[in-house]
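*Asks:* Please find one structure pasted underneath; my questions will follow.
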Amino acid sequence: MILSNVNIGTGPSAGDGDPLRSAFSTINNNFQIVTNNVNALTNSVTSVAGRTGNVTLTVNDLLGFTGLNLVNQSAPASSSAVGIKGQVVVSGSYMYVCTAANTWVRSSITTSF
C-alpha cells in the first residue's frame with residue numbers, strides 16, 4: 001500500500017489544507033502501513049547463513065557477492081565489454097562496476113560534497 005500525503009495547504013492560516021482530524025487520520029494510516037511492513041520484514045528473517053539473534057551482516061552475506069576487484073585499466077568501451085563480476089574501474093568522472101560476466105554499469109563521480 002502507498003503512503004498518503006497530508007495536504008498542508010498553500011500557507012499558514014490559508015484554510016485550504018486538510019482538516020485537522022482528516023490529517024491525523026492520514027498520519028495514523030501511514031504509521032500503520034509502516035508498522036505492518038516492518039513487522040512483515042522482522043518476522044520473515046530468522047537467521048542469516050545459519051546465524052541467529054542480532055546478526056552483523058558481512059560482504060559474504062550478499063547473494064552472489066564475492067568481493068571487489070579493483071583493476072587498473074581503462075574504462076570499459078560499452079556496457080557489454082569483457083569483464084569479471086566484481087571488477088571496479090574508476091576512470092575520468094565515472095566509476096564502472098561489473099555486475100555479471102561482461103555486464104557493466106557506471107555511476108557519475110562528483111568532486112564536491
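*Asks:* If amide hydrogens are placed 1.01 Å from N in the peptide plane, which non-local residues have theirs closer than 5 Å to the one on Asn7?
*Replies:* Hits under the 5 Å cutoff: Asp18.
*Asks:* Please arrange Arg21, Arg106 by counting, for each residue, the other beta carbons lying within 10 Å of its beta carbon, fewest first.
*Replies:* So the residues, fewest neighbours to most, are Arg21, Arg106.
*Asks:* Rounded to the nearest 0.05, what FRET efficiency is calculated for Ser25 and Val48 with R0 set to 25 Å and r the Cβ-Cβ distance?
*Replies:* With R0 = 25 Å, the Cβ-Cβ based efficiency is 0.05.
Any read-out appearing in this document is the output of simple, stated calculations on the displayed coordinates, not a laboratory observation. Fair warning: this is a prediction, and the values are worked out from it, not measured in the lab. Cβ: placed from backbone, ideal geometry, glycine included. Neighbour counts: every protein chain shown.
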